[in-house]
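*Asks:* Take this structure, written in structure tokens, and hold onto it; I'll ask about it next.
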Amino acid sequence: MATWIFTHGDTDGICAGAIALAANPNAQIFFTNPYGLIEDLTIANDEDKVIICDIALSENHLKQIIQRFSRIAEKGELIYIDHHPWPEAILKEDMPSKIIHGLASSSELTYSLFKSNIDPKFSRVAIFGAIGDYLDNTPFIKHLLERWDKRALYFESGLLTQGIEGRKRDYELKRSILFKLANNFLPSSDKRLVELALEQSHLEELAIQKIKDYIHFNGKIAYTLNFPFSLGKAAIYAKGLTDALIGIAAEERKGMIDMSLRTSNPKIDLNKILRLITPKFGGSGGGHSKAAGARLPKEKFEDFLNELNKSLKELDYNQISKS
Ligand SMILES: [Mn+2]
């Protein structure tokens, strides 16, 4: 019986995977994503132990996923750990497997699950992952931070996030970092990661200097279109360098617009709004409340921005921003 860890390739996914590996040292690591999960799972046998971290359950594949989960849970073992919005079509209690789902980062959830089996030093890896998903303000992570010098940990987590930025499919790099973290080595111990992080930080500084010329406005939204930089980062700076409530970085590809959206306004739930309005434009969207993504036909982009502004008007956000 083999053990598999399927995880996401971002900071939170790598850290959650590293904690799961520390607790299951013989496991094989496989990087995946919500759309690839069902196919990638074919590499495991029904009799195996399968741990899935930080992978949203795709509504489009939900039926197949439930079937596969139940086969594995019946003959082997399946542990699913995640914090993306739960699909509406099924209740957590009805899932045929062990489900650890919450609002905290996947790293925090994974650490909470395995903490009695691993060295308490792995609380750092939970913290690195939580920072990576902006979920370092939960009660448990704040408590874990008390044991460490947070300045040193933010440096390490920042190195990891900067080092893997833009290296989406560089699974060799990600796997080697994950193994190091699982063996309690810090991100700064990896020379290649450090070099990549420095390079990324330099490129990011150049992008910050240039982005202002690319920012357009539509009501309370600041957006860039085809600004040549990471969409997530560009969305952050479109928002942060203006007074906009929402920052969007969009890019055109094959007649479609892919975009990242960011807000820091506590009243705005991007996941909720996007799930509601993107289908009206023949698209899809969602994610977290403050950081989300969407995809829709290019010719609908302007209408979408108008509709998004309209949905903001219905919120009483001014009260919050003034208080
Ligand atoms: Mn995550």
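*Asks:* Regarding the range 148-168, can at least one residue be identified that is modelled with pLDDT under 95, more than 16 Å from the ligand (Cβ to nearest atom) and within 29 Å of residue 295 (Cα to Cα)?
*Replies:* Yes, the range 148-168 has at least one match.
*Asks:* With the structure loaded, tell me whether residue 215 is within 17 Å of residue 278 (Cβ to Cβ), open to solvent by less than 50 Å² (accessible area, probe 1.4 Å) and either of a type in the set (Gly, Ala, Ser) or touching a helix residue (DSSP H, G or I) at 6+ places or on another chain (Cβ under 9 Å) (or both) or whether it fails that test.
*Replies:* Numbers: within 17 Å of residue 278 (Cβ to Cβ): no; open to solvent by less than 50 Å² (accessible area, probe 1.4 Å): yes; either of a type in the set (Gly, Ala, Ser) or touching a helix residue (DSSP H, G or I) at 6+ places or on another chain (Cβ under 9 Å) (or both): yes.
It is false that residue 215 is within 17 Å of residue 278 (Cβ to Cβ), open to solvent by less than 50 Å² (accessible area, probe 1.4 Å) and either of a type in the set (Gly, Ala, Ser) or touching a helix residue (DSSP H, G or I) at 6+ places or on another chain (Cβ under 9 Å) (or both).
*Asks:* Residue 14: within 13 Å of the ligand (Cβ to nearest atom), under 19 Å from residue 106 (Cα atoms) and not in a strand (DSSP E or B), yes or no? Working first, answer last.
*Replies:* Numbers: within 13 Å of the ligand (Cβ to nearest atom): yes; under 19 Å from residue 106 (Cα atoms): yes; not in a strand (DSSP E or B): yes.
So residue 14 passes the test.
*Asks:* Are any residues in the range 166-195 over 22 Å from residue 110 (Cβ atoms), out of contact with any helix residue (DSSP H, G or I) (no Cβ under 9 Å at 6 or more places or on another chain) and part of a helix (DSSP H, G or I), and if so, which ones?
*Replies:* 172, 191
*Asks:* A further question follows. Going by the conditions given, is residue 199 open to solvent by 50 Å² or more (accessible area, probe 1.4 Å) and not basic (Lys, Arg)?
*Replies:* Details: open to solvent by 50 Å² or more (accessible area, probe 1.4 Å): yes; not basic (Lys, Arg): yes.
Answer is yes for this residue.
*Asks:* Six or more apart or on different chains, Cβ atoms under 7 Å: show the pairs whose first residue is in the range 104-124 and closer than 16 Å to residue 6 by Cβ and in the same structural domain as residue 13 (by TED's automatic domain parsing) and whose second is acidic (Asp, Glu) and part of a helix (DSSP H, G or I).
*Replies:* 106/12; 107/12
*Asks:* Now, a different point. Based on this model, can you work out whether residue 81 counts as touching a residue at least 40 places away in the same chain (Cβ under 8 Å), within 30 Å of residue 193 (Cβ to Cβ) and within 16 Å of the ligand (Cβ to nearest atom)?
*Replies:* Details: touching a residue at least 40 places away in the same chain (Cβ under 8 Å): yes; within 30 Å of residue 193 (Cβ to Cβ): yes; within 16 Å of the ligand (Cβ to nearest atom): yes.
Taking the combined requirement at face value, the residue satisfies it.
*Asks:* Quick one: in the range 196-226, which of the residues that are outside any helix (DSSP H, G or I) and polar (S, T, N, Q) is farthest from residue 263 (Cα to Cα)?
*Replies:* Let us first name the residues in the range 196-226 that are outside any helix (DSSP H, G or I), namely 215-226.
Then drop every residue that is not polar (S, T, N, Q), which leaves 218, 224, 226.
Working: 218: 15, 224: 15, 226: 20 Å.
The residue in question is 226.
*Asks:* How many residues does the range 230-245 contain that are assigned to a loop (DSSP other than H, G, I, E, B), open to solvent by less than 40 Å² (accessible area, probe 1.4 Å) and not polar (S, T, N, Q)? Spell out how you get there, then give the answer.
*Replies:* If we filter the range 230-245 for residues that are assigned to a loop (DSSP other than H, G, I, E, B), which is where we start, we get 230, 241-245.
Add one more test, that the residue is open to solvent by less than 40 Å² (accessible area, probe 1.4 Å), and what stays is 230, 242, 244-245.
Pick out the ones that are also not polar (S, T, N, Q) and you get 244-245.
Count: 2.
The values are calculated or read from the model by the stated rules, or taken from the named source; none is laboratory data. Everything numeric here is computed off the predicted structure, so don't read it as measured data. Here Cβ is always computed from backbone atoms with ideal geometry, including for glycine, and neighbour counts include all displayed protein chains. Note: accessible area is taken over every heavy atom of the protein model, side chains too, but ligands, DNA and RNA are not part of it. Shrake-Rupley method; radii C 1.70, N 1.55, O 1.52, S 1.80 Å.
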